[in-house]
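Visitor: Just dropping this structure here.
The values are calculated or read from the model by the stated rules, or taken from the named source; none is laboratory data. Since this is a predicted model, take the numbers as computed values, not measurements. All Cβ positions, even for glycine, are placed from backbone atoms using ideal geometry, and neighbour counts span all protein chains on display. Each accessible area value is taken on the protein alone, full model and side chains, heavy atoms only, with ligands, DNA and RNA left out. Shrake-Rupley method; radii C 1.70, N 1.55, O 1.52, S 1.80 Å.
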Amino acid sequence: MKTRGPLMFPVESNMAADADESQYFVREIERNDGCALKVKQCYLGDVGCVVWDAAIVLAKYLETSQFYEPSSGVNVWSGSSVLELGAGTGAVGLMAATLGAQVTVTDLEDLQSLLRVNIQDNQELIDHGSITAKVLKWGEDVSEFLPPPRYVLMADCIYYEQSIVPLVESLKLLCGPETCIICCYEQRTEGVNPEVERRFFELLQQNFNCEKIPSDKQDPEFSSPDIHILHIRRKAL
């Protein structure tokens, strides 16, 4: 089944009760331990103001046993430096922070207030990790985000034609030889989307290798044939 928009997965959505928060509605993302991230979305705004399906798929992928298995003491995220690009609501970065990562979520200036609200609302779930929101415009200076993080997370960042070149440039500047980019995106077939995706990977593969993650390595419930997860690493010099 083809899916479009943030409606695919059955997660709870509530209208904010407080009059001061009437611009928001809440989407819950349940963690494997039964706790839930409560992520505010905006009724009005650009694409960054809602939780897209790819963000949920990626957030739940971070909890899979290859990364996080408390019963056997596995926690790849504990203490790892993580940078999320195009964070939007911050759902993916928040999941990483609750698992113990030291996270910086980044997006444009107009999304910083939403990021800060969601960080504040989920702070009680963050025991050993941390999360900070900062402005990062792709293609511009990245010096404050260096040295290179251990992980770069991207959910549904491949859709604006004009952003493809700056995005790849930022990845080249941000990523060291040990950095793993985990990219999750929904494959779309309308309009310019196929060409945008083709161009992105054409540029990316000049400097990076891509490994597609099979569905049996993803969360068994939160996955879709249309949504792809890739591990991307710099090519050896």
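Visitor: For the stretch 23-234, what is the accessible area per residue in Å², given a 1.4 Å probe and the full set of protein chains?
Guide: Normalised by residue count, the accessible surface of the stretch 23-234 is 44 Å².
Visitor: State, in angstrom, two size descriptors of the chain derived from its alpha carbons: Rg to one decimal place and Dmax to the nearest whole number.
Guide: Both quantities, over Cα of the chain: 16.8, 56 Å.
Visitor: Right, next: Could you give the size of the charge dipole of the chain about its Cα centre, using +1 on the Cβ of each K and R and -1 on the Cβ of each D and E, expressed in debye and rounded to the nearest 20?
Guide: Using only the charged Cβ atoms, the result is roughly 700 debye.
Visitor: How do Glu197, Glu211 stack up against each other in accessible area, from largest to smallest, with a 1.4 angstrom probe?
Guide: Largest accessible area first, the residues go Glu211, Glu197.
Visitor: Looking only at the stretch 95-118, which residues have a backbone nitrogen under 13 Å from a spot 7 Å from the Cα of Lys38 in the C-beta direction?
Guide: Of the residues in the stretch 95-118, 118 have backbone N under 13 Å from the label point off Lys38.
Visitor: So what is the relative contact order of the stretch 23-234, in percent, for Cα pairs below 8 Å that sit 6 or more residues apart?
Guide: With pairs under 8 Å counted, the relative contact order is 19 percent.
Visitor: Please count, across the stretch 23-234, the pairs of lysine residues with Cα atoms under 20 Å apart that sit 8 or more places apart or on different chains.
Guide: 8
Visitor: So, R0 is 35 Å and r is the distance between the beta-carbons of Asn207 and Glu161; what FRET efficiency does that work out to, to 0.05?
Guide: FRET efficiency, Asn207 to Glu161: 0.95.
Visitor: Between Leu108 and Asp216, what length in nm is gained on full extension when 0.36 nm per residue of separation is reduced by their alpha carbon distance?
Guide: So the extension gain works out to 35.5 nm.
Visitor: Sorting Trp77, Trp138 by accessible area (1.4 Å probe), largest first, what list results?
Guide: From most accessible down to least: Trp138, Trp77.
Visitor: Round to a whole angstrom and tell me the spacing of the C-alpha centers of the stretch 158-237 and the stretch 127-153.
Guide: 18
Visitor: As a test question: what accessible area, to the nearest 10 Å², does Ser72 have when a 1.4 Å probe is rolled over all protein chains in place?
Guide: 80
Visitor: Which sequence of Arg27, Arg198, Arg234 reflects their accessible areas, 1.4 Å probe, from the largest down? Don't jump to the answer; show the numbers that get you there.
Guide: Values: Arg27 15, Arg198 115, Arg234 70 Å².
Ranking Arg27, Arg198, Arg234 by accessible area, largest first, yields Arg198, Arg234, Arg27.
Visitor: For labels at Gln23 and His128 in the simple 7 Å Cα→Cβ model, what's the distance in nm?
Guide: 3.7
Visitor: For the chain, what is the calculated [θ] at 222 nm in deg cm²/dmol (nearest 500), taking -39500 (n - 2.57) for each run of four or more DSSP H residues and dividing by its residue count?
Guide: Rounded to the nearest 500, the figure is -6000 deg cm²/dmol.
Visitor: I'd like the accessible area for Leu173: 1.4 Å probe, protein heavy atoms, all chains in place, Å² to the nearest 10.
Guide: 100
Visitor: Counting only the heavy atoms of the protein chains, how much of Thr64 is accessible to a 1.4 Å probe, in Å² to the nearest 10?
Guide: Rounded to the nearest 10, that gives 20 Å².
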